[in-house]
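Since every read-out is calculated from the coordinates, none of them should be taken as a lab result. Note that this is a predicted model, so its numbers are computed, not measured. For neighbour counting, all protein chains shown are included, and Cβ atoms are generated from backbone atoms with ideal geometry for every residue, glycine included.
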Amino acid sequence: MKIRPAEARDRERIHEILVATAHFTEEEVRCAMELVDQAHDDPAKGDYIVHVLEEPDGGPVQGYVCHGPTPLTDGVFDLYWIAVDPKRQGQGIGQLLLRFVENEVRRKRGRMLLIETSSKESYASTMRFYERSGYDEISRIKDFYRIEDDKVVYCKKLTPS
């Protein structure tokens with residue numbers, strides 16, 4: 001597996017993966033793609049950093065991740081999006097992408113990675129994934145997205161590598 005910065009040619013495949021997961025609404029997919037576009041259009045700004053994971057032979061992209069520094073903080077980063085082709089889920093691709101981001105954050109002298117997600121039942125496996133990856137639930141805002149759909153915030157404090 002090879003993780004590399006996303007390129008313009010990856011846009012359609014990232015969109016396909018987001019839709020194929022069936023976790024995200026059209027509005028959420030649109031938002032995710034806006035971040036992909038911003039990362040591509042203005043990489044020097046560094047607000048959104050997007051990487052993809054592909055097969056070593058240059059085969060199709062199997063997953064992607066978007067992260068960036070949290071504004072007005074010292075060493076805090078947000079994981080905005082992580083998605084893996086459903087046909088490849090359960091094969092460690094999500095773990096590879098998450099560990100990659102953690103190492104990138106450490107490399108940039110980051111000390112904390114935050115992840116926000118929904119409490120909807122369809123996100124139960126996502127929440128377990130973060131918990132198994134060493135993230136602690138540090139906040140929950142009841143009915144944030146909609147009634148009975150809480151905003152759940154996970155955090156992992158990163159030690160220098």
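Summary of values
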read-out: Neighbour-count order for LYS142, LYS156, fewest beta carbons within 10 angstrom listed first; value: LYS142, LYS156
read-out: Set of aspartates and glutamates near LYS156 by C-alpha distance (under 19 Å), chain-local residues within fewer than 8 positions excluded; value: ASP74, ASP78, GLU102, GLU104, GLU116, GLU131, ASP136, GLU137
read-out: Surrounding net charge for ASP143, when Lys and Arg each add one and Asp and Glu each subtract one, Cβ distance under 10 Å; value: 0
read-out: Mean-position separation - Cα centroids, the range 103-161 and the range 39-77, in angstrom; value: 17
read-out: Radius 9 Å from Cβ of THR159, net charge of other residues (Lys, Arg +1; Asp, Glu -1); value: +3
read-out: Sorted by Cβ density within 10 Å, fewest first, the residues HIS51, HIS40; value: HIS40, HIS51
read-out: Percentage, to the nearest whole number, of Cα pairs in the range 19-127 over 23 Å apart; value: 28
read-out: Relative contact order, percent, the chain [alpha-carbon distance under 8 Å, six or more residues apart]; value: 18
read-out: For LEU114, LEU98, order by how many other beta-carbon atoms lie within 10 Å, fewest first; value: LEU114, LEU98
read-out: Mean residue ellipticity (222 nm) of the chain, computed from DSSP H runs ≥ 4 via -39,500 (n - 2.57), nearest 500; value: -10000 deg cm²/dmol
read-out: Proximal charge balance of GLN38 [Cβ under 11 Å; K/R count +1, D/E count -1]; value: -4
